[in-house]
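The values are calculated or read from the model by the stated rules, or taken from the named source; none is laboratory data. Only a predicted model underlies this, so the values are computations on that prediction, with no experimental measurement involved. No Cβ is skipped: glycine too gets one built from the backbone with ideal geometry, and neighbour counts run over all protein chains shown. What goes into the accessible areas is simple: the full protein's heavy atoms, side chains included, and nothing from ligands, DNA or RNA. Shrake-Rupley method; radii C 1.70, N 1.55, O 1.52, S 1.80 Å.
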Amino acid sequence: MDENIKREIIMEHYQNPLHRYVVEDDNYIKVNTSNSSCIDNLDLFLKINNNIIEDIAFFGEACAISISSTSIMIENLIGKTVEEAAIIIQNFDNMINEKDYDKNVLNNAIVYNEIYKQNSRKTCAFLPYRGILEALAKYQKQCYNLCCKNEEQEE
């Protein structure tokens with residue numbers, strides 16, 4: 001992908017990020033993710049229904065890389081199953097760490113394919129993914145707890 005196109009995509013998602021708002025709804029899993037070495041501090045709101053990511057929103061202050069990466073991530077993950085999201089996140093992590101990855105699952109997130117050249121920016125680009133991983137872990141725990149409660153009731 002041409003460097004100018006990459007820059008345009010990043011700036012568009014930074015200046016006009018998708019789903020940037022606070023959610024006050026108990027059906028959403030809320031997590032905070034921050035970078036201790038800079039201003040990046042984002043609240044992420046994740047809604048999953050029947051194992052499908054229905055919605056993701058975010059709010060907070062962060063650099064252009066973190067904001068644009070969050071917006072692009074949201075664009076990629078809404079409508080995906082939890083398993084599909086895990087595959088996308090793993091491929092993004094592999095890409096920014098110079099490991100083998102499937103560029104076909106990353107869509108616009110491919111704009112960060114050379115972020116490894118600026119090691120400190122990898123943290124910025126991965127920040128929202130770290131938060132989503134935490135939210136997905138909470139979701140999995142909720143599912144497990146629900147499953148266990150149902151099994152106990154059947155006994």
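Residues that are in a strand (DSSP E or B), buried (at least 16 other Cβ atoms within 10 Å of the Cβ) and not hydrophobic (A, V, I, L, M, F, W, C) within segment 25-40 comprise Lys30, Thr33, Ser34, listed in sequence order. If you go through segment 97-110 and pick out every residue that is part of a helix (DSSP H, G or I) and open to solvent by 10 Å² or more (accessible area, probe 1.4 Å), you end up with 6. The set of residues from segment 45-54 being open to solvent by 20 Å² or more (accessible area, probe 1.4 Å) and either of a type in the set (D, E, K, R) or touching a Phe, Trp or Tyr at 6+ places or on another chain (Cβ under 8 Å) (or both) comprises Lys47, Ile48, Glu54.
Residues of segment 12-24 that are assigned to a loop (DSSP other than H, G, I, E, B) and either surrounded by 18 or more Cβ atoms within 10 Å (Cβ to Cβ) or within 14 Å of the chain's Cα centre (by Cα) (or both): Pro17, Leu18, His19, Val23.
Of all residues in segment 1-11, those satisfying the criterion of being open to solvent by 60 Å² or more (accessible area, probe 1.4 Å) and of a type outside the set (A, V, I, L, M, F, W, C) are Asp2, Glu3, Asn4, Arg7, Glu8.
This table checks each residue for (1) outside any helix (DSSP H, G or I); (2) open to solvent by 30 Å² or more (accessible area, probe 1.4 Å); (3) within 20 Å of Asn35 (Cβ to Cβ).
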residue: Phe58; (1), (2), (3): yes, no, yes
residue: Ser66; (1), (2), (3): no, no, yes
residue: Phe126; (1), (2), (3): no, yes, yes
residue: Asn145; (1), (2), (3): no, yes, no
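Against the definition (under 15 Å from the mean Cα position of the chain (by Cα), open to solvent by 10 Å² or more (accessible area, probe 1.4 Å) and more than 21 Å from Leu44 (Cα to Cα)), how does Asn94 come out, yes or no? So Asn94 fits the description; yes.
A single entry from Glu84, Glu134, Glu75 fulfils the requirement of being in a helix (DSSP H, G or I), closer than 19 Å to Glu8 by Cα, open to solvent by 70 Å² or more (accessible area, probe 1.4 Å) and acidic (Asp, Glu): Glu75. Here is the figure for segment 32-82: residues that are in contact (Cβ under 8 Å) with a residue 60 or more places away in the chain, more than 15 Å from Leu18 (Cβ to Cβ) and aliphatic (A, V, I, L, M) total 2.
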